[in-house]
């Protein structure tokens, strides 16, 4: 009987249990939901405990184990399921409006079954929650190879980077250079060839930084590389703390590509690299390196041999060697890329399928005039360079860049010329002190240089890469949509100007430094803003109707041409703000020039033939800020009658802030010194003829008291001037009156000598003494050495950089017999046509160049062997 009951129980027991459970699911839904809530509450408490433990370990630089992370993910998934069950129960089962008993039983069955299953899983997760450990040490992959493009000619910079990397005192290295120069390729190559050899590194992290830097993305990128799993609830500071503690315990290398601004290491969570850790980044902006205290390393464009090698690889060497004409055009294309690897690769690939010389010639023309039309240039090169332009946050910078692009590729441009153009257009305006205006201009040029958009060429010049110039022209032409807005052929060897038809839609025209002899009679240029014709030495005439159809013209450059006069139609340019007639043959100004009431800058320096300026012209230019008449017109008169322009016309220019002027007598010099506003504005002063002057005192009431901005003083053409007395007055402190005077030029002064009343001239940088036929001794001292007093070294010009002595037939010595002149900063000494100067009694520790003739050098007498030994190596080898 027992066996029968056992058999029946085994058969019907499960069936009974099934029906009991099914009935219970259908009628006891609320109880199952309550049981689930209870079990999930306990599970959440356990989950919070585990998370707190994981967070505590993470702050110690540890990472949650895979077992813990899987458990937390399962709890999170179960929480979502339990929430859905509860929502359905509240929305459908517990609603008293639902009167359908049958449907309610069915719904209750399904909800109860899901709740019972979820409760069982929660119970299982609780049983698995006693972990042996919740976190352990990170084990990131030490090294990852990076895709590396072809690099040519980077061996030397790679070695410099390797050397800096090996230097224990260097923690941060900044690699800077213009866009497309190969910084990323260099970084990847360094990663693959140098860092891979490191055996003691914990991890190498490589990140490409976007222009719109995002701290969270950067933290996540570093965290992912370290194998960290982030809790979404962590704040930026909490993530930074975790990264800092992890990285502080390992030797790391962080490679950051394309930084656009200094990276705040602490904000991200990156410790200052020590103990072999390194941060290496690339940037286009040199200032980023300085502001991150990085060892700077510049990546330059390729030299010709390497540039040509790279171009041949991309275009196909066989093709270039097979046809002489193709090779010639190919070399022209390669040179126009300016050694920029990205441009060489892009142009080379574009030309790889071209098989005729005519196609190659067409490409040269296209790259010169409309580079965006060459295959790949717009999307691969110009857009990339435009990122640097877009980063400029000051419209003045963009104007400076525009005017730089209107000159020859890679041809040095004087910084002052660019600043003058921008002052003329009003980019720099409302300045009281000319020094402030130029300081602002130099600052803006420095920003462009730091952004790799300009390059310095010596101390006073800048130059522009041809691809930067191409980018600017593309932008001016509305990204290539309107080609005619840009007509620039600077330094192209043009014998004549392009046809007037090409001028029609242009806004900017530049034909500087060509061989143009004539201009179109009456070009129609309704939109023209800038016209640059400077440097065309053979251009001697402006056609009468030339200016009639240029109503919007603001900037006109006719400098270094041979024009003798301006046509009366110049008066129709009512928007003109800047006109440059520097170093022209102009002899008179038309009275119509007085119509230019918006003119800000009138540049007439180095126009020695200028003799006539109609009455009232200068006075009419009420908006004038800059007037340059150095080595130019000087016939100013003091009274209402007589020849020349009344000085009152100058005094009436209320907005004038920059004045270069030529004066011919003592009375105008005194008048200038009394006109405080003009005196403060004076930068270059030429005293020519020196009528009424036998002595000039530096400084004095006339020269210095109000001329704090004076930079250059030229005294010339006098047979009466006997002394230029330096110093005196109230002593050395008096030099505060001429703090910016760096140039002194003495020319054709038949009797003059320099007499020192003080012991030095502290601010002078350049001293030129030319054709002063009566000068026997460069410097005489007012005080004399007494008998028995020891010889001394006198530092008369402590900051002088260049000394030029030319055409001084009576000059016998630089100083006195027992006084040796010391020049602690002198770099260049020129001595020519000084036959009686037989001895150089001078000391110049920084002297690097002596310009002289072989005959004069051979005739020198050396009384001091120390001076001989110091100067002998400086004699130019080319003359030996």
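The values are calculated or read from the model by the stated rules, or taken from the named source; none is laboratory data. In this text, all values refer to a predicted model and were calculated from it rather than measured experimentally. Heads up, the Cβs are rebuilt from the backbone with ideal geometry, glycines too, and the neighbour counts pull from every protein chain shown.
Can you find even one residue in region 418-439 that is farther than 21 Å from residue 625 by Cβ and touching a helix residue (DSSP H, G or I) at 6+ places or on another chain (Cβ under 8 Å)? Checked region 418-439: no residue is farther than 21 Å from residue 625 by Cβ and touching a helix residue (DSSP H, G or I) at 6+ places or on another chain (Cβ under 8 Å). Residues of region 296-309 include at least one that is touching a strand residue (DSSP E or B) at 6+ places or on another chain (Cβ under 8 Å) and surrounded by fewer than 19 Cβ atoms within 10 Å (Cβ to Cβ). Among the residues of region 650-671, write down those that are without any contact (Cβ under 8 Å) to a residue 60 or more places away in the chain and in a loop (DSSP other than H, G, I, E, B). 652, 653, 654, 655, 656 - these are the residues of region 650-671 that are without any contact (Cβ under 8 Å) to a residue 60 or more places away in the chain and in a loop (DSSP other than H, G, I, E, B).
If a residue counts only when it is over 25 Å from residue 438 (Cα atoms) and over 32 Å from the mean Cα position of the chain (by Cα), which strands (runs of 3 or more DSSP E) contained entirely in region 578-649 have at least 2 such residues? Give the steps one after another, and end with the answer.
On the way: elements: 578-580, 601-603, 626-628.
Because the criterion is at least 2 residues that are over 25 Å from residue 438 (Cα atoms) and over 32 Å from the mean Cα position of the chain (by Cα), no strands (runs of 3 or more DSSP E) in region 578-649 meet it.
The single condition among (1) within 24 Å of residue 185 (Cβ to Cβ); (2) not in a helix (DSSP H, G or I) that residue 348 does not satisfy is (2). Looking only at region 803-829, residues that are surrounded by fewer than 16 Cβ atoms within 10 Å (Cβ to Cβ) and assigned to a strand (DSSP E or B) come to 0 in all. Any residue at all in region 245-253 that's in a strand (DSSP E or B) and either exposed (fewer than 14 other Cβ atoms within 10 Å of the Cβ) or modelled with pLDDT of 85 or more (or both)? Yes: one or more hits. Considered as a group, the residues in region 830-869 that are in a helix (DSSP H, G or I) and without any contact (Cβ under 8 Å) to a residue 24 or more places away in the chain include one that is surrounded by the most Cβ atoms within 10 Å (Cβ to Cβ), and that residue is 857. Taking the criterion of being modelled with pLDDT under 75 and within 60 Å of the chain's Cα centre (by Cα), the only residue of region 105-132 that qualifies is 132. Screening residue 702 with (1) over 35 Å from the mean Cα position of the chain (by Cα); (2) part of a strand (DSSP E or B) gives one miss only, at (2). Of the residues 527, 587, the single one that is out of contact with any helix residue (DSSP H, G or I) (no Cβ under 9 Å at 6 or more places or on another chain) and outside the structural domain of residue 423 (by TED's automatic domain parsing) is 587.
Scan region 590-610 for residues that are surrounded by fewer than 17 Cβ atoms within 10 Å (Cβ to Cβ) and in contact with a helix residue (DSSP H, G or I) (Cβ under 8 Å, 6 or more places away or on another chain) and the total you get is 2.
Within region 449-468, being in contact with a strand residue (DSSP E or B) (Cβ under 8 Å, 6 or more places away or on another chain) and either surrounded by fewer than 24 Cβ atoms within 10 Å (Cβ to Cβ) or in contact (Cβ under 8 Å) with a residue 60 or more places away in the chain (or both) holds for 449, 452, 455, 456, 457, 460, 461, 462, 463, 464, 465. When region 81-99 is filtered for residues that are in contact with a helix residue (DSSP H, G or I) (Cβ under 9 Å, 6 or more places away or on another chain), at pLDDT below 65 and more than 15 Å from residue 34 (Cβ to Cβ), only 98 remains. Assigned by TED's automatic domain parsing to the domain that holds residue 29, over 15 Å from residue 44 (Cα atoms) and modelled with pLDDT of 85 or more: does that describe residue 78? The answer is no for residue 78.
Out of region 517-533, which residues are farther than 23 Å from residue 422 by Cα and surrounded by 23 or more Cβ atoms within 10 Å (Cβ to Cβ)? Once the filter is applied, which keeps residues that are farther than 23 Å from residue 422 by Cα and surrounded by 23 or more Cβ atoms within 10 Å (Cβ to Cβ), region 517-533 yields only 523. The strands (runs of 3 or more DSSP E) found entirely in region 375-491 that carry 1 or more residues being under 15 Å from the mean Cα position of the chain (by Cα) are 455-457, 461-463.
Of everything listed in (1) at pLDDT 75 or above; (2) over 20 Å from residue 234 (Cβ atoms); (3) in a helix (DSSP H, G or I), the single unmet condition for residue 52 is (2).
Considering only region 427-443, state which residues are surrounded by fewer than 21 Cβ atoms within 10 Å (Cβ to Cβ) and within 19 Å of residue 462 (Cα to Cα).
Hits for region 427-443 are 439, 440, 442, 443.
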